[in-house]
Every structure is written in structure tokens, then in C-alpha cells.
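Here it is, the structure, as C-alpha cells.
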Amino acid sequence: MKTQAADPVELAIFQCAVHSIAEEMGAALRRTALSPNIKERRDYSCAVFDERGRAIAMGDHMPVHLGSMPMSVQAAIAAIAFAPGDIAILNDPYAGGTHLPDITMVLPVFLEQIETLRIPAESVKGGAKPVFYVANRAHHADVGGKFAGSMGPATTIEDEGIRIAPVRIVRGGVVDREVLDWILSSVRTPQEREGDLDAQMGACRVGEQRVLQLAAKYGMEKLAVWGEELLDYSERLVRAELKKMPAGEYDADDWLDDDGVTDEPRRIAVRLKIDPEAGAMDVDFAGSSAQVAGAVNAVRAITLSACFYVLRCLLPEDAPATEGILRPLTLHAPEGSIVNARPPAAVAGGNVETSQRIVDVLMRALAKAVPERVPAASAGTMSNVTIGGTDPRTTEAFAYYETAAGGMGARPGMDGISGVHTHMTNSLNTPIEALEYAYPFRVRRYEYRDGSGGEGKFRGGDGLIREVELLTDAEVTLLADRRKFRPYGLGDGGDGAAGRAIVVKAESGEEIELPGKCSRQLKKGDVLRIETPGGGGWGFRGMS
Amino acid sequence: MRIAIDTGGTFTDCVCLADGKLRVKKIFSTPADPSRAVLEGVRQLERFHNSRAPFDTVQGDFSLAEKPLEGDGSDIAKCGIAQSGADNVEVRHGTTVGTNTMLERTGARVAFVTTAGFEDTIAIGRQARARLYDWFAPAPECLIAKELRFGVAERVSSESEILREPTDEELAALVDAVRASGAEAVAISLLFSFANPKTEKRVEAALRELGIPVSASHRILPEFREYERASTTVVNAYLAPRMEIYLLALEERIAEKHRGGRVDVMQSLGGIIAARVAAEEPVRTVLSGPAGGVVGACRMARWAGFDKIIGFDMGGTSTDVFVANTEAAAQLTRESVVAGVPIGVPMLDIHTAGAGGGSLARFDAGGILRVGPESAGADPGPICFGRGERATVTDANLVLGRLDAESFLGGGVQLDGERTQRLMREQKGALETVEEFAAGIVRVVETQMEKAIRVISVERGHDPRDFTLVAFGGGGPLHACSLARALRIPRVLVPALPGALSAVGILLADTVRDFSRTVMMPGETMGSVDEIFGELSAEAAAEFAAEGLKGVAQRGVDLRYRRQGYELNVAYDPQEPERSTKAFHELHRQRYGFADESRPVEIVNVRVRMIAASEPYEPERCALVAGDGSAACSTQREVWFEGGFRPTRFYKRERLRPGDAIAGPAMITEYTAATLVLPGCAASVDGLGNLVIDVREDGVGQDGVREGGVREDGVGEDAAGEEERA
């Protein structure tokens, strides 16, 4: 462990400043994007990286993105000889991405761009290499592929949509029309995509301006030192927490219902080794299932994100989310397994479903070490719904994507929260009025799923019920889990209720239960009902 | 006679305009029944007004009522308002009743009525969690308990078509159910009611039978996004019974004593509305007091000759900051969250940072110095007040010599320097000296303030170098210079009357009401919104006429690129509708880094703001007489600045005269605040009694001020010229 060197005051100032850059990029992205998934649901993340591509600040956005974004920046740095004014774009899960709908943009910040500011900064001279990187990642509602919304039960990455290895979408300040057109020609809703990509580029520029202002104000020498110190500081915080934990090895496992291709459950197993003396943690996923045919494979970046998230949750609220958090961690994720898939495995659900299960498993193991600090399992699925078709009002193609919240697991000392996104996601719901303006749907019902939270001394939070009527024929795709293996309770608390999805057919009124992972052609007037899982309970309820 | 009364936690500030001068009275607040202090304020101001005694003018001293009010409300009648008070007394009120009701969760039992199937949406909200990495975050508290949520069988489509209406029987059943629930107020928010309010109006009419306050979303906030609209409507209902009783009783008591007496209330958006309207729409008053501060700061700054300001009001536990253009309207936001509840009606964009003079300092597990959000509050208070044991920002300022122990709150509070030194030494961690610890606390808290200012300035595309920092509140003037330096703000204004700025703002505010409609039309049809403007303006004019007011309508449109989710508000000129679109592209580029004139634009909302200007007031300007303030210098002491202690002169503000110029380092003390002028900066007193500080980097122009206190940019020169002509 390194000793503390930086002025604690200057460090706090720097932490504040870089964090607000990430937040500001997020605000610009949200306010200018076109798709409801970005503008209403805020399914995006923004972060700032040092000259070596290490994350020094992340906005309070989507946890699943944050731990994995550094890989995107690293991949872009490795692939591209950046020049001032460039912006890279990528989404390839096997080259810095996570799943195809998440498109990442990386802007290298060159000091010579400081001339674009209206401020005197004589002391700061431009160099040949970027001094910082800013990046943002947004979930696009469609990136082509076999299923509308690009979140379907594909069996290879090729069927999941367009795959973009790191490439420049902007060169020297000018958009590369060929690259942009190639992307737009591969998706179902090119206009919306172009608007969202514009917004991502704008957000990058907003970040660039702010980083340059910081450089002009303090000079690069100081910033470099502070960046290093901030990483060290995060590391110290994590080690301080690990030093308080009991030494030992803690095993846990949990299951994904299936991979959407066969019914076979898939296991995720972990062994945590906590070494309080060194303030270190070793995480080994040996024993987890091999990668599968269906789309629930996670690339290593996601597994690392899940570890990052759990470690970050051990720290106080005002701790900085930097890459230094991962330093006390040693990760073993067997190659070719469901937690470290290799091409050509399909990965759409790894980011949204498997990532949640990895967190569930990590927390279950951690609960054996520090039971008073760990809640029972939360919903454990993002209950992804994608719907695609043609909007009869405009005759244009549409692609809708939304995740539905569930119950939060009960906490030692308090009930879980109902109808709230947990762990690796924090996207908002699409307001019903925004949704009906944007898509040919009518929402019929949106309410708590009473009684779905697990029993216990403290109750798990309840899930939600959302009913959507289709006003046109459309392709509906589900990607959900926790149908068979319910969110676990802890300390004799009961499990949360399993999730469900039902179609009520317009013609017959017949109710058909849908599997968790499927794609169906539905008719105008059909109603899709999603019931999301409740959280697990905590503690024995007693006899009364 | 027009009187403004701003209720604060400790003091109730009362201001009136008499013979062209502002008169100020501070009396102790009466938290159990705020109206008692209000009525006492009216009585005292009136007495002074009648006696024509000179008191408490802009340049004068502040004084307190000799003793706090005691006893119960019946005292009012006894000590009371003059038996036959002056006619036409108009009391303008900045109230904390709304804010406190929200914070203390002491509002009404509200029934929430919405489209059947969506009863829980008021609790589900946006399904996201507020604290991303906190497994132990408490559940957000919904203002509506489960048994108070009611559904109506009805539906309006996104094309405004009524798909289903409730039958009369269904409505009757609803009324019965709400009656049986024991609700004290009702909030109605049906899906798409902003686009077609017909059904909502029927439901509203039916529920009015109950004789309890009914708030309907198409009146409170006729805009899309059902959760935010419903939440705003619920807050309105939650506050309605209490505010109605409070305001109408106050108005009645004023009217009893004064023929034609009336009460108006400051709204969160910085304009005045009649008490009757505020009682019906109390959601518009939750930031009533702070809004007065914004208006007051704007007026003071405009008179002093500054157009763009950043306001900085630092109190004991929190700090409010805002950006305003003093020539135009202040920045408004429609995305406020008050006490954890989203409110969508426009409010002044006041950003609150959870740190103030009483914030506690600590080293966290990673060794970083943290300040706040916990506060020592009034009890136990800072170490230097004698009871607290943990270091606060106030203690740090004392250690650094930045508080005048004798004049602190008029000498009313004894500061224990020795105790502070001792306890802070124990808490200084690895730092070498107490001074380093204290300086660190000040820097950290100033960084948090700096971040708060960045949120409202830089993050919205404003460059701080174009602004003047207006500092008020107990701690604002002490930290203003240093903040201005950090943000490259070239100038600090510490207004005259920094302790009563909110009341002054309330006194001078215009009467303002907003009227809006969501239209969702293509940008090419910009010319055709004229008709909607006509309807809104007619509605607005009628409402103002009912109050005996004549207003001027300001027109604006909210635009966005087609399919974006957020709008930018630009002015609308019926002669040149196209200009709105141009202004939108420009604003978009400035804020978000890009614009595209070929992209289709959408008109989302049409807005009319009706304004009836308050009576004009121009403060008296004194001629500037060049001076060095030495007559006001009380002492010289050691004050800590970056690098160590430096001998620093202390000045009594009330003894400074217009034209005096002081080079930093200097401390200027007054009853409610102290101003720190950093080395290298230079302060001067303008013709209105404001302190204007020229902020420079240390080491630049140490000897500071040019003769006559004229600032380098020449603004002072012009102002002085005008005064001489006047």
C-alpha cells in the first residue's frame, strides 16, 4: 500500500472538478438525445480518463458501464493514432465493448486545443499526445441484427447487430461520413441513431472543453499528480474496508434460469478470498458454466464491472469512483466461461442479466464474511423488453427498448424498496405520456406487484406490473431471468417472487405465458403484461 | 403603504418604502405562529412611519426590537396593530410555511386521484434510486399512503381523444370513497389531461362537493410527463389546507385593522401573487424566501450598474447560489426537487449546497479532509460558541483571525478562541498546525461552494468571467473574494442591507403569473401559435384584472429538435416568429456543443408570462468623496492568508462613506456579516452604500485602488458621473 502524499485539500478540489465534468457531459447527452431510452431513461454513462486511459472520474450513471468503460478507452488507444479533433467510436464486445447496443465514444484531449477556449493559458503548451480522454457510452434502442431492438435470443455475435471495432467517427473535427453512413445503413432507425450519435459527439466536446479549462487553470503538472493521487486514494479506501473484514474464503453460487436456447440452468460460482492484512480480495469464478449458445454470455469487462460495483458499495457515498478501486482485487474469470466469453458467443444479455447474477453471487459470498453489511438478493433481472415495427401514424420504423425495475432485497435493519432499479442499472422509466407520443402503444397498467417481496424480519421490496397494448402488429422480444431461480433471502428470509410475462391475445382474450427469453410476432390489440420479481427477505419473521 | 416581511429561521425582516427611502426593521421570528411576528412587524413599521422618525435607512444602523415577542397569539390584539391603522396597507410576504411543511412532512392527508391502473405511479416515480452505491439508502417517502390512491375508469389518448369517460355513477362512487378516506385535500392528475382536460374537469367538479381543497393537474402544471405533473399537483394539495388557513387568516387580521388592507405572497419564481391565489396554488411558494433574495440581489446589482450576477447566500447549514441577468428575468428551472419531491412549476434556479458556516470537518478513512454535510446547527453549534466539540467552518474562520470576536452578531455572542484552538489541535490529524487545518477546512468548503456555482454557471454554458458575485447571508461576504478568484469572477458586490436583502427583493418584486400550454407542433408552423398566445393572454389579462392589476404579457416558446426530450425556452415575437427558431439554434450550440439548422424543430410549450410592474423605486445616490476609510478603521489584527498571517485593518462598515476605497488585506465588519478583502483585491464604497470589490490575483497591484476608488473598468466612473448630475 502506498503512503499518502498529496495535499488532502487539493485532492478534494480535484475530485470535485473532474466528477462535475462527467456529470456535465451526461446532462448535455440527455438534453440533446432523441431516443426515449437515452433522453428519458438516461441509459448512458460518462467518464474522464488520464493520459494512460485510467478512469479518474465517473458520473453517477449506470454501474454496468462504469467499470467496463476503461477497456473501451484502452481499446481505442491501442487501435488508433489519435490526432487533435478526433473522436473514436466502438461497440465490439471483444474489443473494448460490452454488448452491441452500448455504443461508446472516446475523445482524446490534446492541449493544443486549448486555443479554442477564450482564455489566456500561456503556461500550457500543446504536446503530441493526449493528456486526458473523455468518453461516453449510450444504449441505442436498435443496432441492427436479427431481432428488432438488438436484444434478442441470438446465438452468435454476428446475429446481434452491427459490430464496430474502434474507428474514428470524427477526424480533425470533421465527421467521417462514410463511417457514419455505414453505421446508419446497418440499423432499423437511422434517423434516431444519427441524432443520438450527434448528442454523444456533443457531449464529448462539452467534456473536452471542461478538461481544457481545468488544464489552463492548474497546469498539466499538477493535474497529472492529482490524477495519480486520486487513484491511490480510491485504493486506500477499499483496502481500509477490506482490512476490517474477517480473513477467509467464502463460496457462493446462483443460477441463471437458462440461456434462451435450451432449458438448462447455468451456474455462476465464486470464491472470495479476503486478506485483511494486505487489504486485498481475490475473486475466482472457477466452477461457473462454460459459455453458452444463447445470448447470456458476459465478457470479462462485465465481470470486472460487477466486482467494481460491489467494492464501490463498501465505500462511503462521497468516495470517488476511479479505477483505483480495482487495485486490491485479483480476478480469475476462466476464459471461455459464461463470465469471460470468447467470440463468436452472443452477449446481449451478459450486460443486463448475467451482470446482475454475478453481483448476486458476489454479495451472497460477501454476506458470509460480513452478514450485517449485505442485503438479500434484489430482482436480479432487468426484465428487458424490446419492440420493433412500423408506426402507423408516421409509417416510419420504430424500435423501443425498456427495462423494468423490480424489488430491492431486504437490508439488515430495513425493508427493501419496491419498484426500483438495483445494482448494475439505474435507468429511469419512460414516462407513459412520452412513450405513447413516441410509439404506437397504449400503457394499460403500471403498479406495484403486491406481495411479491420475500417474507422476513425485514421484507423484500415488491416488483412491478406493467401492461402495454400494441396499437400495431410488432415483434416483441423479451430478455429476462429469475423465472425459476428466485431472488434469494438471507438469514432465513424468504425468496422474492419469480418474474412472469403474459400476452393477452386481442382476438380470443386468451392468456399466454411467455418464456423469459424469446421473440414473438404479436398482433395489434395484443396486451403484453410484465410482472417483475420481488426482492428477497432478510431474517426470520418469527411466529406472530 | 407597502410593507415587505420575510420570515426567516431567527429573524423576521420587515421593510417598507417611505419618503423614497427603504426602512428596515428586524424582529425575532415566532416559529410556532409566524403570523405573530408578521403582524408585529407591520405594527412597528407603521408606528415609525407615522412618527416620521428617522430609522434604519439604507445607510443607517440595524436595530432589533428590544425583546422577542412573548406569550401567545392573543398578545397581538393587545400590543396589536393600531386600533385604526392606515388605509390600504399592502403586506408582501415571504413565507417559510410551505418549505417547512415539506421538510417536516406536516402537510395534509391527501387523496390522489388518477387514471385507473396507475394509482401507484405517484409512489413508483421514475423507478431509479437516488444513491447509486448505497445498499442502505432509506426508501423514499411518498406523500400519499396506499389507501389514499384512487383510480378513475377513464382514458385520453396521446392524440387527445377521449377513449373512455367515467359514468356519473362511477364519479359518485369515487366521491364517496374519497369522503370515507378522511382526506383533507385532493390531488387529481389523469393521463394526458394537459392535452385534453375535459374528463379531469368533470372529476374535479364532482370532488368539489366534498368542500375540501381540490388541486387539478391541468391547472397546476399543464405539461407532459405524468409523474412530475402529478407530484407537483400532490405537493399543492399537501400544502393547501395549511397555507389557506395561514394566509387567509393573516389577510383577515390585516384587513381588520386597515381598511383595504391586503396580503400578497412571494412565489418561488420571483414574482408576487395575491394571497388568495397563493392559498389555492401554494406549490408556487415553496421557495418564497430565497426567491426574495434573488430579486433583492438583482435589484441591488442593477442599481450598482452590473447586469450579470452570480448570487451567493451562505447561511449556517446551507448555501444558496444562483445565476441571474439583472436586466432580464432570472434563470428558472422546471426540474426542482424540494425535500425529496419533484416539483415542475417554474422556480428560480436556486442551487443549494449542503455546507455553511456550521458544517463539521472530519478526515475520512482514506485521509481526505471532508466538510459537511453534517452541521453543528444551533445546538451544539461551533466550538467557539462554547458547547460544540467538533471543528466547523466558523471555528476555522476564527482561528484564521477572520471573525471579529467583539462585533460578532453585535457582540451578542461571545467567541471562545482558546477553546477553539485547543479542540481543533486535537482534530487536526496529520497536519502540522491548527492554522493549516483551519485553512484546509476553509478551502474545502469553498471548493464545495465553487462546485455549486459551477453547476449553475459553467455547466450551463456561462463563463464566470462575465459575472459579478453578489454575496450576502451571514457567511457570503467572508468567502466571496476567494471564491471569485477561484472562478475568475472579476468583481464582488456586497450589497447594502445584506441581512435584509430578501425582504427588499419582496418589496420591489413585480407581480408575475405564468400561463402555458403544451402544443407539440412542427417548427414550420411557428406563425400559427399566435392564436394560442391570444387565448393565453386573454386568460392572463382577465386574472390580473380581477386583482385590479394591469399586466404586460411576455411571450416565449419552448423549442427542441424533433424527438428530443428537453426544450430550450426562447422569446417569441409575433412580428418575426422565425427569430425564435434562429435563437434556438444559437442557444443549442452554446449549451450542448452542436446545432443543425437543417434539422426539424418542434414547438413543445407556448408560454405567456404576465407581469405587472411594482411601483418604481430608485435609491438615493450619494456623491462619492474620495477617501481611504481610515475614519472607519477600528483596529489592526493578524489575519491568516495563503502563506501566513498578515497585519490586517478592520473597518466598521457603518462608518464607511461613499467614495472610500480600501486595499486588501482588510476586514469590513457589520452587524450581520463580515467582508474579507483578500490581499491584492481592493474594495470601494459606491454611491448606494454597496461594497464593490475588484478581484485580482494576489501580487497584482498590491497598492490596489486608484485615487477616488474608481474601478479600472470605468464602471464606477460612470456611476459617479450620474450621481453628480442627479
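Quick check: from the Cα gyration tensor, does the range A:36-88 come out rounded (a/c under 1.5), prolate or oblate?
prolate
Taking each residue of A:246-257 in turn, how many C-beta atoms of other protein chains fall within 10 Å of its C-beta, and what is the average?
Partner Cβ neighbours, averaged per residue: 0.
Give the angle, between 0 and 90 degrees and rounded to the nearest 10, that separates the Cα long axis of helix B:226-257 from the longest principal axis of the Cα atoms of chain B.
For helix B:226-257, the angle is close to 70 degrees.
Within 10 Å of each Cβ in peptide A:231-240, how many partner chain Cβ atoms are there on average? Round it to a whole number, please. Could the numbers behind the result be given before it?
Working: counts 0, 1, 4, 1, 1, 4, 5, 2, 2, 4.
Partner Cβ neighbours, averaged per residue: 2.
Name the residue farthest towards the positive end of the dipole of the range B:446-523 from the options B:L501, B:V519, B:P464, assuming +1 on Cβ of Lys and Arg, -1 on Cβ of Asp and Glu, about the Cα centre.
B:P464
Return the whole-Å distance between the Cα centroid of the range B:608-680 and the Cα centroid of the range A:69-87.
52 Å
Moving on. Given a cut-off of 25 Å, name the pairs among B:K428/B:K652; A:K222/B:K451; A:K222/A:K244; A:K146/A:K524; B:K308/B:K582; A:K39/B:K201 whose C-alpha atoms lie farther apart than that in the structure shown.
Listed pairs above 25 Å: B:K428/B:K652; A:K222/A:K244; A:K39/B:K201.
Show the residues, 5+ positions off or on another chain, whose built amide H is closer than 5 Å to the amide H of A:D258.
Hits under the 5 Å cutoff: A:R266.
Taking each residue of B:443-451 in turn, how many C-beta atoms of other protein chains fall within 10 Å of its C-beta, and what is the average?
Numbers: counts 6, 7, 0, 2, 8, 3, 0, 4, 7.
So the per-residue partner count for this stretch is 4.
Considering the range B:147-264, what Rg and Dmax in Å follow from its alpha-carbon atoms?
Over the range B:147-264's Cα set, Rg and Dmax evaluate to 16.6, 54 Å.
Right, here's the next one. Under unit Cβ charges (Lys, Arg +1; Asp, Glu -1), what dipole magnitude, rounded to 20 debye, does the range A:19-79 have relative to its Cα centre? Write down the numbers at each step before the final one.
Working: 7 positive and 7 negative charges, 34 e Å.
Taking the Cα centre of the range A:19-79 as origin, the dipole is about 160 debye.
Something else about it: Relative contact order of the range B:439-596: what whole-number percent is it, with Cα pairs under 8 angstrom and at least 6 residues apart?
Numbers: 124 pairs, mean separation 22.6, N = 158.
Across the range B:439-596, relative contact order equals 14 percent.
Mind listing the phi-derived Karplus ³J(HN,Hα) values for the range B:387-396, rounded to whole Hz, using 6.51, -1.76 and 1.60 with θ = phi - 60°, and x for any glycine or proline?
10, x, 10, 10, 5, 10, 4, 4, 4, 4
Short version: ³J(HN,Hα) in whole Hz for each residue of the range A:73-84, in order, from phi by Karplus 6.51 cos²θ - 1.76 cosθ + 1.60 (θ = phi - 60°), x for Gly and Pro, what are they?
Rounded to whole hertz, the list is 5, 4, 5, 5, 4, 5, 8, 10, 8, 5, 10, x.
Sort out for me the Cα centre separation of the range B:300-352 from the range A:166-236, rounded to whole Å.
Going from one Cα centre to the other spans 31 Å.
Using Cα centres only, tell me the gap between the range B:212-234 and the range A:336-365 in whole Å.
43 Å
Further, regarding this structure: In whole Hz, with x marking every Gly and Pro, tabulate ³J(HN,Hα) for the range A:519-525 from phi via Karplus 6.51 cos²θ - 1.76 cosθ + 1.60, θ = phi - 60°.
9, 9, 8, 10, 9, 3, x
Would you please calculate the Kirkwood hydrodynamic radius of the range A:178-276 over all C-alpha pairs and express it in Å, rounded to one decimal?
Result for the range A:178-276, one decimal place: 19.6 Å.
A follow-up question, please. To the nearest whole percent, what portion of all C-alpha pairs in chain B is separated by more than 50 angstrom?
Pairs farther apart than 50 Å: 16 percent.
Under 17 Å Cα to Cα from B:K257, which lysines show up? Leave out anything in the same chain fewer than 8 places away.
B:K78
Sticking with this one: Under 1.5 on a/c is rounded, so check that first for the range B:401-548, then, if it is not, pick prolate when a/b is larger than b/c and oblate when it is not; a ≥ b ≥ c are the square roots of the alpha carbon gyration tensor eigenvalues. Can you show the working numbers first?
Working: a/c = 3.67, a/b = 2.14, b/c = 1.72.
Prolate, since a/c reaches 1.5 and a/b exceeds b/c.
Please list, or write none, the lysines whose alpha carbon is within less than 16 Å of the alpha carbon of B:K26, excluding same-chain residues fewer than 8 places away.
Qualifying lysines at Cα under 16 Å: B:K67.
Could you list, bin by bin from short to long, the percent of Cα-Cα pairs of the range A:201-240 in 10 Å steps?
Using 10 Å bins, I get a P(r) of 27, 34, 31, 8 for the range A:201-240.
Can you tell me the order of B:493-502, B:253-262 when each peptide is scored by its average per-residue count of other Cβ atoms within 10 angstrom, highest first?
In decreasing order of mean packing, B:493-502, B:253-262 become B:493-502, B:253-262.
Under the rule of -39500 (n - 2.57) per DSSP H run of 4 or more residues, summed and divided by the residues of chain A, what mean residue ellipticity at 222 nm is obtained, to the nearest 500 deg cm²/dmol?
Here the helix-only value at 222 nm equals -8500 deg cm²/dmol.
On to the next question. Normalised by the residues of the range A:253-303, what does the relative contact order come to in percent, with Cα pairs under 8 Å and at least six apart?
Across the range A:253-303, relative contact order equals 31 percent.
So if I take the alpha carbon set of chain A, get Rg, then get Rh from the Kirkwood formula, what is the Rg over Rh ratio?
0.97
How do A:S508, A:S72, A:S35 line up, fewest other C-beta atoms within 10 Å first?
Ascending Cβ contact count within 10 Å gives the list A:S508, A:S35, A:S72.
At a 10 Å Cβ-Cβ cut-off, how would you order A:H423, B:H218, fewest neighbours first?
Neighbour counts put them in this order, fewest first: B:H218, A:H423.
Would you please give the residues with an amide H less than 5 Å from that of B:T12, counting only those at least 5 places away or on a separate chain, with H modeled from the backbone geometry?
The answer is B:I27, B:F28, B:S29.
With each run of n ≥ 4 DSSP H residues scored as -39500 (n - 2.57), what mean residue ellipticity at 222 nm is computed for chain B after dividing by its residue count and rounding to the nearest 500 deg cm²/dmol?
It comes out at -9500 deg cm²/dmol, rounded to the nearest 500.
Compute the relative contact order of chain B as a whole-number percentage, counting only Cα pairs closer than 8 Å that sit 6 or more residues apart in sequence.
11 percent
Taking H placed 1.01 Å from N in the peptide plane, check which residues at least 5 places from B:A674 or on another chain put their amide H under 5 Å from its amide H.
Long-range HN contacts for B:A674: B:L478.
About the Cα centre, and with charges only on the beta carbon of Lys, Arg (+1) and Asp, Glu (-1), how big is the dipole of the range B:259-301? Nearest 20 debye, please.
About 180 debye.
Using alpha carbons only, what's the Rg to Rh ratio of the protein assembly as shown with Rh from Kirkwood?
0.96
While we're looking at this one, here's another question. Whole-Å semi-axes of the range A:278-413's equivalent ellipsoid, largest first, each the root of 5 times a Cα gyration tensor eigenvalue? All intermediate terms of the calculation are to be shown ahead of the outcome.
Working: eigenvalues 192, 82, 41 Å².
Listed largest to smallest, the semi-axes of the range A:278-413 are 31, 20, 14 Å.
Read-outs: derived from the displayed coordinates by stated rules, not from any lab. Worth saying up front: this structure is predicted, and the values here are computed from it rather than measured. Glycine also receives a Cβ, built like all others from the backbone with ideal geometry; neighbour counts cover every protein chain displayed.
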